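Take a look at the structure set out below.
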Amino acid sequence: MGSEVYFTDLETGYSGSRIEKLDNLIRKSGLDRIDMEKKFVAIKMHFGEMGNLSFLRHNYAKVVVDYVKERGGIPFLTDCNTLYVGKRKHAVEHLETAFTNGFNPYSVGCPVIIADGLKGDDDVEIPIDGEMVRAAKIGRSIADADVIITLNHFKCHELTGIGGAIKNLAMGCASRRGKMEQHSEGKPLINDKKCKGCGVCPERCGSDAITISDHKASIDHDKCTGCGMCLSACRFDAIDANMDSSSAIICKKMAEYATAAVLNKPNFHISLAIDITPYCDCHDGNEMYVVPDVGFFASFDPVALDTACADAVNKQPRIAGTMSDRESDRDLFGCIHEITEWDAQTAHAERMGLGVRSYEIKKV
């Protein structure tokens with residue numbers, strides 16, 4: 001017998017709504033087992049990159065917020081800053097993007113907090129006995145929360161095959177240097193064309209690996225520990241992570257980071273398998289959806305949840321004329337992104353004790 005995964009389809013009738021379907025799913029999936037009275041409840045989700053239109057709407061977030069408040073909890077929506085250059089790499093731009101995309105205290109009924117602070121360097125190192133990671137760098141506001149609920153847009157992903165609960169916990173809860181640790185086997189690099197020689201990165205470097213010469217920074221990789229603090233310090237986007245991890249390695253690291261994010265905390269996970277795109281919502285645009293909408297899923301077990309979502313999406317007919325409409329002997333996710341091994345994250349997460357891949361669907 002596997003973990004219980006609750007599911008509701010999207011049939012609403014003439015007068016129903018998806019908001020009501022989500023509320024009903026939450027109420028019948030056992031979330032009331034978590035004591036939320038006077039507890040800080042982090043609702044971890046993705047606010048969408050500026051220009052992207054496939055992220056989950058704020059209306060769904062409000063359903064979760066309202067339920068947490070009803071249970072006496074103190075909810076806040078949260079995410080961590082991005083590693084790449086975009087409109088969410090520091091808290092000021094991140095909040096501007098979130099507000100533009102509809103996530104603000106008036107629309108969702110609670111504060112929006114960027115968990116790793118202004119520059120993406122406010123984190124807590126959480127020790128874990130991982131194969132790849134010894135201390136996960138988790139955004140402080142998430143680490144300080146009493147309860148974690150993830151609200152996930154389940155979709156394809158160009159590096160990890162799928163983007164679901166595990167990825168939202170792992171990459172999403174990590175600070176900028178935590179993201180670099182998951183993405184990279186190497187050390188950061190200086191982009192000489194962008195570097196202004198301002199001198200901030202040597203001050204932030206904890207291993208004396210960065211020097212300024214001829215108004216340009218340089219990194220001594222023999223001294224560099226790969227901590228990623230220089231990435232957070234640079235305001236000119238002149239320091240890049242050396243993205244050289246394979247899909248399987250990234251997936252393993254994510255499984256370990258996800259384990260750290262919820263360590264010793266009550267947690268619950270909701271995944272909406274709708275608007276299923278081939279790419280992450282981190283892009284400033286989005287491709288055509290590759291399969292029809294499936295429905296809403298929820299579980300206390302993020303591993304079973306991701307597995308159930310992947311299985312359900314794989315069973316859907318592929319939409320003609322999209323990236324899924326091609327010859328391949330692999331499943332949907334491997335067909336769209338051949339380098340990916342999505343089940344590496346669920347398999348390793350099971351080994352880490354985060355959950356199990358076997359599941360039992362409970363239809364709501």
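The values are calculated or read from the model by the stated rules, or taken from the named source; none is laboratory data. None of the values given here were measured: they were computed from a predicted structure. Neighbour counts are summed over all protein chains in view; Cβ atoms, including those assigned to glycine, are modelled from backbone coordinates with ideal geometry. Ligands, DNA and RNA are stripped out before the accessible areas are found, and what is left, the full protein with its side chains, is counted by its heavy atoms. Shrake-Rupley method; radii C 1.70, N 1.55, O 1.52, S 1.80 Å.
Counting only residues that are in contact (Cβ under 8 Å) with a residue 12 or more places away in the chain, out of contact with any Leu (no Cβ under 7 Å at 6 or more places or on another chain) and farther than 16 Å from Ala310 by Cβ, segment 258-274 holds 5 of them. Among residues of segment 308-320 that are in contact (Cβ under 8 Å) with a residue 40 or more places away in the chain and open to solvent by less than 20 Å² (accessible area, probe 1.4 Å), those with a beta-carbon under 6 Å from a residue that is in a loop (DSSP other than H, G, I, E, B) and of a type outside the set (A, V, I, L, M) at least six positions away or on a different chain give the pairs Cys309/Phe154; Cys309/Gly164. Any chance you could count how many residues in segment 237-247 are over 20 Å from Lys137 (Cβ atoms) and either crowded, with 20+ Cβ neighbours inside 10 Å or modelled with pLDDT of 90 or more (or both)? Qualifying residue count for the region: 2.
Scanning segment 47-57 for residues that are touching an Asp or Glu at 6+ places or on another chain (Cβ under 9 Å), open to solvent by 20 Å² or more (accessible area, probe 1.4 Å) and not aromatic (Phe, Trp, Tyr) turns up Met50, Gly51, Leu53. If only residues of segment 295-318 that are touching a Phe, Trp or Tyr at 6+ places or on another chain (Cβ under 8 Å) and aliphatic (A, V, I, L, M) are counted, the one that is farthest from Gly2 (Cα to Cα) is Val313.
Conditions tested, residue by residue: (1) within 26 Å of Leu22 (Cα to Cα); (2) under 18 Å from the mean Cα position of the chain (by Cα); (3) open to solvent by less than 10 Å² (accessible area, probe 1.4 Å).
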site: Ala258; (1), (2), (3): yes, yes, yes
site: Ala261; (1), (2), (3): yes, yes, yes
site: Lys265; (1), (2), (3): yes, yes, no
site: Pro278; (1), (2), (3): yes, yes, yes
site: Pro292; (1), (2), (3): yes, no, no
site: Asp325; (1), (2), (3): no, no, no
site: Asp331; (1), (2), (3): no, no, no
site: Gly355; (1), (2), (3): yes, yes, no
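The set of residues from segment 171-183 being among the small types (Gly, Ala, Ser) and either more than 10 Å from the chain's Cα centre (by Cα) or surrounded by fewer than 24 Cβ atoms within 10 Å (Cβ to Cβ) (or both) comprises Ser175, Gly178. If the condition is being open to solvent by less than 30 Å² (accessible area, probe 1.4 Å), out of contact with any Gly (no Cβ under 8 Å at 6 or more places or on another chain) and more than 13 Å from Ala255 (Cα to Cα), then segment 333-353 contributes Cys335, Ile336. Comparison of Ile212, Ile190, Ile162, Ile166 shows that the only residue that is touching a Leu at 6+ places or on another chain (Cβ under 9 Å) and β-branched (Val, Ile, Thr) is Ile166. In the set (1) modelled with pLDDT of 95 or more; (2) open to solvent by 40 Å² or more (accessible area, probe 1.4 Å), Phe7 fails one condition alone, (2). The set of residues in segment 1-32 being more than 28 Å from His283 (Cβ to Cβ) and without any contact (Cβ under 8 Å) to a residue 60 or more places away in the chain consists of Glu11, Thr12, Gly13, Tyr14, Ser15, Gly16, Ser17, Glu20, Asp23, Arg27, Asp32. Looking at Phe296, Phe300, just one residue is open to solvent by less than 10 Å² (accessible area, probe 1.4 Å), closer than 22 Å to Lys363 by Cβ, at pLDDT 95 or above and not β-branched (Val, Ile, Thr), and that residue is Phe296.
Considering segment 116-170, the residues that are buried (at least 24 other Cβ atoms within 10 Å of the Cβ) and acidic (Asp, Glu) include one that is nearest to Val64 (Cα to Cα), namely Asp116. The residues on offer are Tyr60, Tyr84, Tyr106, Tyr67, and the sole one that is at pLDDT 95 or above and open to solvent by 60 Å² or more (accessible area, probe 1.4 Å) is Tyr106. Residues of segment 13-37 that are among the hydroxyl-bearing types (Ser, Thr, Tyr) and either open to solvent by 90 Å² or more (accessible area, probe 1.4 Å) or modelled with pLDDT under 95 (or both): Tyr14, Ser15. Yes or no: Phe99 among the aromatic types (Phe, Trp, Tyr), at pLDDT 95 or above and within 30 Å of Met288 (Cβ to Cβ)? Taking the combined requirement at face value, the residue satisfies it.
Number of residues in segment 52-74 that are touching a Phe, Trp or Tyr at 6+ places or on another chain (Cβ under 9 Å), among the β-branched types (Val, Ile, Thr) and touching a residue at least 40 places away in the same chain (Cβ under 8 Å) equals 1.
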